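*Asks:* Input: one structure, supplied below.
The values are calculated or read from the model by the stated rules, or taken from the named source; none is laboratory data. This is a predicted model, so every value here is computed, not measured. A quick note on method: Cβ atoms are made from the backbone with ideal geometry, for glycine too, and the neighbour counts reach across all protein chains shown.
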Amino acid sequence: MGRQATGFGRRAALGGAASLPLLRPTWASAAETVHFVVAEYSNATGPYFQQMADEFHKANPDIEVNIDVVNWNSLLQTLQTDISGGTTPDLSIIGTRWLLDFVKDGVAEPLDSFMTPQFRNRFVPIFLQPGSIGGKVYGLPIAASARAMFYNKEMLTKAGFPNGPATWNDVVAAAKKVKAAGAYGFGLQGKEIETDVYWYYALWSYGGELVNKQGKAVAFDSPAGVKALTLYKMMIDQGLTETAVTSYNREDLQNLFKQGRLSMVITAPFLIGQIAKESPNLQYGIVPVPKGTTESTYAVTDSIVMFKNSKVKKSAFKFLDFIFTKEPRVLFNKNEGFLPTTKAVAEDPYFANDPRLKVFVDLMPRAHFAPVIVGWEDVAKDVIDALQSVYLGHAQPAAALKRASQQADQVL
Amino acid sequence: MVSAGRASEQVRPPALLDAWPSFRLLARQNLALLLILPSLLLAVAIILYPFFVIVRLSLSNVSPFGQLRGFVGWANYAGVLADPVFYGSLVRTLIWTATVVGGTVLISVPVALVLQQDFYGRGIARTIVMLPWALSLAMAAILWEWSFNADYGMINGILQGLRLISGPIHWMARADTAFPVEIGVGILVSIPFTATIFQGGLSSMPTDIYEAARIDGASAWQQFRYLTLPLLKPFIEIAMVLNVIYVFNSFPIIWVMTQGGPDNATHILVTYAYQLAFSLGRPGPAAAVSVLMLAIVLTFTVVYMRLQREEA
């Protein structure tokens with residue numbers, strides 16, 4: 001089974017890493033080794049962190065940083081195996097929405113005692129918020145992104161919206177024209193991770209919420225939610241989306257957009273870098289997520305956490321201190337196309353003067369994060385199932401959402 | 001037995017004499033036990049320990065990171081048994097196993113028969129049939145996922161090229177097309193192994209009975225029906241059993257191609273268990289599903305062995 005296959009390979013890799021500290025004292029007595037598991041954002045991620053580790057080691061010869069690059073899809077499972085096996089790394093990048101489970105199980109170390117006020121002050125405040133639980137900071141925002149709508153300039157100009165759609169009505173009107181011209185109008189994600197998020201865009205834009213104020217019950221089966229889903233279903237039925245939405249994940253939509261076959265898609269700033277590399281001639285613009293009754297977006301952060309049973313916490317934090325200084329952060333954000341999470345980077349001309357990134361940055365004050373709730377992953381799955389049943393025509397929006405919310409309420 | 005005829009000469013009770021060889025037998029048995037002890041211990045360690053762990057997990061509230069948060073009795077099982085997705089997956093597992101194994105055997109018999117014939121290029125043909133075996137299941141599944149991609153896939157390309165379809169078919173968008181495609185891929189990757197077993201069986205068959213049959217005027221079909229098939233039967237049986245065990249637990253094809261979706265409509269039990277454990281972070285219920293799967297496979301094995309014994 002897949003689980004064993006990956007788990008096994010992982011064990012072997014870890015075994016190699018774990019034996020190093022035992023050998024090391026014979027030839028470098030003062031050395032401490034920090035083991036850092038890094039999620040792979042792109043081909044540049046591994047080399048970037050290796051470079052950082054080398055630079056850090058040059059400045060701090062007594063600390064060595066071991067970088068272990070893991071694919072996003074197997075990251076959580078890798079960490080689960082390590083944690084249950086008692087062989088955790090010292091630091092790891094994680095999806096911030098996993099953090100609550102880490103904290104609840106007591107495997108993550110609060111960082112407050114290491115953080116000086118100056119260190120804390122480096123961050124854009126809103127990005128420290130998702131990594132804080134119960135008033136303590138457990139995760140530092142290594143990456144942040146928000147969502148906005150990319151549109152094909154040529155197609156939308158012909159459709160009468162040269163500056164991009166502002167509202168969902170604009171989207172529908174533009175998609176009709178684009179469809180008549182033989183291309184796909186609005187890209188609607190229908191499978192795999194974040195299929196639920198693609199619907200939250202519209203839900204939030206109609207003023208809906210995912211959970212109630214206490215975080216104890218879901219609130220997505222509200223009129224706003226039904227309205228959002230009815231809108232999507234209507235677009236599917238009228239052929240204003242790509243055909244068979246349940247066979248398109250986020251990457252598939254981005255590919256359609258890059259090939260000039262899709263006129264509108266909502267996604268993260270990293271598509272900018274992909275377009276520059278893969279289809280530099282594509283003329284496109286970026287506008288906020290379409291407005292319903294209000295403006296909003298979805299924001300995501302990834303966090304670096306320190307594990308409680310690390311034996312080299314001081315050295316590990318010293319390395320964190322280093323990679324959250326300006327130059328390493330600028331390089332990281334340029335490589336990966338994420339939003340600045342520290343003030344120094346946000347003020348850097350490269351980011352401050354980029355009109356495309358500015359759309360994302362300007363949306364941040366109205367951004368929603370995924371709810372920090374135990375079991376959110378379960379709820380997201382229920383939502384995705386409900387959405388797919390509606391997209392496939394097996395269920396009506398209101399009924400499907402009702403059912404999903406009942407299932408989800410059992411989890412919360 | 002010590003013969004009854006000598007009983008009159010015997011002073012010692014015959015029971016002891018009777019017991020004497022069985023002492024030796026016992027000693028020999030002990031030696032045998034001693035010799036297989038290492039592998040027995042290994043088997044216990046490899047099979048029983050994980051079994052113990054999985055049963056314990058299935059009865060506990062387990063955090064996503066495998067920490068036990070307390071004993072919950074049958075709650076995990078009750079939760080799983082109340083989930084409609086479980087029953088859908090169960091039914092689909094049976095369909096999946098029956099169709100993949102059945103289809104594999106049905107296709108592998110003629111494939112093996114053809115490869116048994118002496119023809120020009122047989123070596124190459126055998127290699128081609130064997131090749132998919134060299135590919136890991138996950139890689140094969142990724143290949144086929146691409147082939148069935150609606151926009152760029154080779155399948156739609158070929159069908160459109162032949163003008164059999166006017167627009168692309170979205171194979172993976174709906175379960176009613178995605179699941180049959182997955183079954184097809186499952187059959188395809190199982191053929192090499194199965195055909196190899198059958199080839200082994202065919203090459204061990206005596207040739208003279210066919211000559212005799214031909215002389216008696218048996219047609220090709222009659223030769224197949226009354227000679228080949230009965231002689232191949234033990235090989236078909238073993239291929240069925242092994243394939244049922246492999247296919248029932250086969251994870252990569254479905255996980256890679258649809259991850260059990262859309263709308264949970266292509267899950268089989270093993271992908272459902274995996275999703276519970278690793279996408280949803282619920283190792284407890286996932287362990288419960290695993291134990292239930294083990295019970296199903298055990299039942300199958302017991303029934304099969306019963307049938308075997310009755311036949312014998």
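*Asks:* Can you say whether A:Pro141 is within 26 Å of A:Asp90 (Cβ to Cβ) and assigned to a loop (DSSP other than H, G, I, E, B), as far as the supplied structure shows?
*Replies:* no
*Asks:* All but one of (1) in contact (Cβ under 8 Å) with a residue 40 or more places away in the chain; (2) in a helix (DSSP H, G or I) hold for A:Phe150; which doesn't?
*Replies:* Going through the list (1) in contact (Cβ under 8 Å) with a residue 40 or more places away in the chain; (2) in a helix (DSSP H, G or I), A:Phe150 breaks only (2).
*Asks:* Now for a separate question. Considering only helices (runs of 4 or more DSSP H) fully contained in segment A:225-333, which possess at least 2 residues that are within 14 Å of another protein chain (Cβ to nearest Cβ) and within 18 Å of the chain's Cα centre (by Cα)?
*Replies:* Where helices (runs of 4 or more DSSP H) fall fully within segment A:225-333 and carry at least 2 residues being within 14 Å of another protein chain (Cβ to nearest Cβ) and within 18 Å of the chain's Cα centre (by Cα), they are A:250-258.
*Asks:* Please find, within segment B:41-69, the residue that is modelled with the highest pLDDT out of those that are more than 21 Å from B:Leu294 (Cα to Cα) and aliphatic (A, V, I, L, M).
*Replies:* Per the stated criteria, the residue is B:Leu41.
*Asks:* Now, a different point. A:Ala386: within 29 Å of A:Glu192 (Cα to Cα), within 14 Å of chain B (Cβ to nearest Cβ) and out of contact with any Phe, Trp or Tyr (no Cβ under 7 Å at 6 or more places or on another chain), yes or no?
*Replies:* It is true that A:Ala386 is within 29 Å of A:Glu192 (Cα to Cα), within 14 Å of chain B (Cβ to nearest Cβ) and out of contact with any Phe, Trp or Tyr (no Cβ under 7 Å at 6 or more places or on another chain).
*Asks:* Could I ask something else about it? Name the residue that is farthest from A:Glu192 (Cα to Cα), counting only residues in segment A:58-94 that are in contact with an Asp or Glu (Cβ under 8 Å, 6 or more places away or on another chain) and within 12 Å of another protein chain (Cβ to nearest Cβ).
*Replies:* A:Thr88
*Asks:* Give me the residue from segment A:163-207 that is under 13 Å from A:Leu229 (Cβ atoms) and outside any helix (DSSP H, G or I) and, out of that set, modelled with the lowest pLDDT.
*Replies:* A:Gly190
*Asks:* While we're here: For segment A:66-79, does any single residue satisfy the condition of being among the acidic types (Asp, Glu), assigned to a loop (DSSP other than H, G, I, E, B) and modelled with pLDDT of 90 or more?
*Replies:* Within segment A:66-79, not a single residue is among the acidic types (Asp, Glu), assigned to a loop (DSSP other than H, G, I, E, B) and modelled with pLDDT of 90 or more.
*Asks:* I need the full set of residues from segment B:274-293 which are within 13 Å of chain A (Cβ to nearest Cβ) and either touching a Phe, Trp or Tyr at 6+ places or on another chain (Cβ under 9 Å) or among the polar types (S, T, N, Q) (or both), in order please.
*Replies:* B:Tyr274, B:Gln275, B:Ser279, B:Gly281, B:Pro283, B:Pro285, B:Ala286, B:Val289, B:Ser290, B:Met293
*Asks:* Follow-up question, since we're still on this one. Quickly run through segment A:56-67 and pick out the residues that are buried (at least 18 other Cβ atoms within 10 Å of the Cβ) and among the acidic types (Asp, Glu).
*Replies:* Residue satisfying the conditions is A:Glu64 alone.
*Asks:* Any chance you could count how many residues in segment A:391-402 are assigned to a helix (DSSP H, G or I), within 12 Å of another protein chain (Cβ to nearest Cβ) and out of contact with any Ser or Thr (no Cβ under 9 Å at 6 or more places or on another chain)?
*Replies:* Final tally of qualifying residues: 0.
*Asks:* How about segment B:189-300: which helices (runs of 4 or more DSSP H) wholly inside it have at least 3 residues that are among the hydrophobic types (A, V, I, L, M, F, W, C), more than 27 Å from A:Tyr391 (Cα to Cα) and under 19 Å from the mean Cα position of the chain (by Cα)? It would help to see each step written out before you state the result.
*Replies:* Working: elements: B:208-215, B:220-223, B:229-248, B:252-257, B:269-274.
Because the criterion is at least 3 residues that are among the hydrophobic types (A, V, I, L, M, F, W, C), more than 27 Å from A:Tyr391 (Cα to Cα) and under 19 Å from the mean Cα position of the chain (by Cα), the helices (runs of 4 or more DSSP H) in segment B:189-300 that meet it are B:229-248.
*Asks:* Okay, next question. Assess whether A:Ala352 counts as being in contact (Cβ under 8 Å) with a residue 24 or more places away in the chain and either surrounded by fewer than 19 Cβ atoms within 10 Å (Cβ to Cβ) or hydrophobic (A, V, I, L, M, F, W, C) (or both). Break it down stepwise before answering.
*Replies:* On the way: in contact (Cβ under 8 Å) with a residue 24 or more places away in the chain: no; either surrounded by fewer than 19 Cβ atoms within 10 Å (Cβ to Cβ) or hydrophobic (A, V, I, L, M, F, W, C) (or both): yes.
Answer is no for this residue.
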